[in-house]
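Encoded as structure tokens, the structure appears first; notes follow it.
Throughout, read-outs are computed from the coordinates displayed, never taken from laboratory work. Everything quoted here is computed from the prediction, not taken from an experiment. Glycine also receives a Cβ, built like all others from the backbone with ideal geometry; neighbour counts cover every protein chain displayed.
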Amino acid sequence: MINGSSMHLTDISKRGSRKVAVSKFEMKSGEHWAIIGGNGSGKSTFAAMLAGEIQLSEAQRSTQFERVLCVSFEEEQRLLEKEIYEDDSEFIDKVDQGRTTHELITQHHHPEVDLEAIIQTMQLEAFLHTGFRILSTGERRRMMIARALSQAPQMLVLDEPYDGLDHAFESHLKEVIADLSQQIPVVIIVNRMSHLGDHISHLACLHNMDLVLAGAREEIESSSLWKQLQSIHSTPRPMPATLPGTEPPNHSADEPVIEMRSVNVGYHDKQIIRGLDWKMMPGEHWKISGPNGSGKSTLLSLVSGDHSQCYRNEIYILGNLRGQGESIWDIKHHMGLMSTALHQQYRVHVTCEVVLLSGFFDTIGIYAQVTAEQRKVAAEWLSFIGLEAQQTTLFQSLSFGQQRMILIARALIKRPRLLLLDEPCQGLDPINRALVMQLIQQIAEQEIAQILYISHDSEDHLPCLTHELQFIPCVTHDEKTPAYRTEQHSLN
């Protein structure tokens, strides 16, 4: 590691441009920094400033490092958009998976980097030749970090590196980052205090696009301003008696809401779901658990009708066999969906109000007439999640966490009978995470909807969940291609 100061940010104003206001930020060799702040506070912007992705003058930003790389959801989204743009499925008469994990991590490979060591460290062997577009959320996170490491960065900025990872790999990655920090400066951007490793020596805190605190960890954590900000960021708003636009439920109790019979899903030689028999009965709320890549998100996409293989299997939704002439819109009308896949698909340049209103129509954007009542409900939801001032703001200009809050409200806006939630709290600060968890609990208690819920984080526990469907690794002859069996049990 180079001796002396490794990074300076000085006299940066946020006036007239999207920058974090910084009077002075200095990071020296041997210091291990974490950046903390609420949704919309400027964390991702600050990460981009450190990485040189936002134009600053030499007086404002000075560093000894030529290769400062940032791994973020925004960078992942840009890569996904490129993969979608280059999709050749309609020309090659088969599904184009996109570039593989191996192709992406070797694209800018620095000759001095031990690529095999990175592959082993990030545990990529099982999906090394899998296309980027069909990787799970956690697998993409691991690939993006490996892609950055393969370029021999002299400094690394990791924006929410633990979100979307299963518990086992999260623990492993904390050790990897701690070890890597002994070789190069690594800055992590986090929402959760539990994601701070013991090796973190310095903290910076952002609030309303201002760097308000920066210094040694012990000093910052003992300061009155830090305690005040932590209180602000951890106290959720009170819940209303009823949710915006909701009405008393009127559900049948006679038949399964979802039923799957001997369901099989796979890609090429990789089996994702094997012989699954499963029912969700009225009044039940299910947690779906398992390691990254085990098939959890695939299960939700089979239910929502977004998976291409849902019509090859015997799947009943609300008593109707999938593929018997019903329109996809008839099925989606009863569902609200929040997932990373949906977040990544929502790339159109529209306002926050339009994103919310699109939940009434299950579309990306709006292509139908909107009623005055629908606009009224959308305005109530914006107020409820504390983003009423962003009604006419472009969705893409919001922070990642603010976008997630909008999409969660979108999933609920039409009073769905089924609520499908795939890592809904990913990217949320403590106050919004608490709001979402209370919101889901209230939905279950008031019997507004039944819930299918995926989360890796033990902090995101929901008392309302009644059952669990687990994907469990099982022994195979091919150690590089893991397989999973399922177990079902009651949580009561």
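Could you derive backbone 3J(HN,Hα) for the range 487-492 from the dihedral phi with the Karplus parameters 6.51, -1.76 and 1.60 (θ = phi - 60°), listing whole Hz in sequence and x where the residue is Gly or Pro?
10, 10, 7, 7, 9, 7
Could you work out how far the C-alpha centroid of the range 1-78 sits from that of the range 262-310, in angstrom?
41 Å
What are the extents of the Cα atoms of the chain along their three principal axes, listed from largest to smallest and rounded to whole Å?
The Cα atoms of the chain stretch 70, 55, 47 Å along the principal axes, largest first.
Which far-off residues, 5 or more places away or on another chain, put their amide H under 5 Å from the one on residue 189, with H placed in the peptide plane?
35, 158, 159, 160
With a cut-off of at most 13 other beta carbons within 10 Å, and DSSP calling the residue loop, which chymotrypsin sites (Phe, Trp or Tyr not before Pro) in the range 354-441 qualify? Please list them.
In loop regions of the range 354-441 (DSSP not H, G, I, E or B), the sparsely surrounded chymotrypsin sites (Phe, Trp or Tyr not before Pro) are 367.
Work out how much length residue 103 to residue 321 would gain on full extension: take 0.36 nm times their residue separation and subtract the Cα-Cα distance, in nm to one decimal.
74.5 nm
Rounded to the nearest 500, what is the 222 nm mean residue ellipticity of the chain from helices alone, with -39500 (n - 2.57) per DSSP H run of 4+ residues and division by all residues?
-8500 deg cm²/dmol
Could you tell me which residue out of 102, 194, 162 lies farthest along the dipole of the range 76-197 toward its positive end? Charges go on the beta carbon: Lys and Arg +1, Asp and Glu -1, centred on the Cα centre.
194
Determine the gain in length on full extension of the stretch residue 380-residue 208; use 0.36 nm per residue of separation and subtract their C-alpha separation, reporting nm with one decimal.
Contour length minus the Cα-Cα distance gives 59.6 nm.
Ordered by residue, what ³J(HN,Hα) values in Hz, to whole numbers, does the range 41-55 give under the Karplus form 6.51 cos²θ - 1.76 cosθ + 1.60, where θ = phi - 60° and Gly and Pro are x?
Coupling constants for the range 41-55: 7, x, 4, 5, 5, 5, 4, 5, 5, 4, 7, x, 7, 10, 5 Hz.
Given H placed on each backbone N at 1.01 Å, which residues far from residue 322 in sequence or on other chains put an amide H within less than 5 Å of it?
315, 316, 317
Taking the Cα centre of the range 258-490 as the origin and placing charges on Cβ (Lys, Arg +1; Asp, Glu -1), which of 452, 357, 489 is farthest toward the positive end of the dipole?
It is 357.
Using θ = phi - 60° and the Karplus relation 6.51 cos²θ - 1.76 cosθ + 1.60, list the HN-Hα couplings for the range 97-114 in order, rounded to whole Hz, with x at every Gly or Pro.
Residue by residue, the range 97-114 yields 6, x, 4, 7, 3, 4, 5, 6, 7, 9, 4, 10, 4, 7, x, 8, 8, 7 Hz.
Using 1/(1 + (r/R0)^6) with R0 = 45 angstrom and r between the beta carbons of residue 196 and residue 311, what's the FRET efficiency to the nearest 0.05?
Numbers: r = 46 Å, r/R0 = 1.02.
For residue 196 and residue 311, the calculated efficiency is 0.45.
What whole number of Å gives the distance from the Cα centroid of the range 100-158 to the Cα centroid of the range 327-396?
Measuring centre to centre over Cα atoms gives 34 Å.
Which is farthest toward the positive dipole end of the range 368-492 among 474, 403, 374, measuring Cα position about the Cα centre, with Cβ charges +1 (Lys, Arg) and -1 (Asp, Glu)?
Farthest towards the positive pole: 374.
Can you list residues whose amide H is under 5 Å from residue 14's amide H, if they're 5+ apart or on another chain and H is modeled 1.01 Å from N?
Here 21 satisfy the definition.
Extension gain residue 330-residue 59, at 0.36 nm per residue separation less the Cα-Cα distance, in nm?
91.7 nm
Residues of the range 424-455 with backbone nitrogen within less than 17 Å of a virtual label 7 Å along the Cα-to-Cβ line of residue 470, please, listed as ranges.
453-455
Report, in debye and to the nearest 20, how large the dipole of the range 417-477 comes out about its Cα centre when Lys and Arg carry +1 and Asp and Glu carry -1 on their Cβ.
Taking the Cα centre of the range 417-477 as origin, the dipole is about 140 debye.
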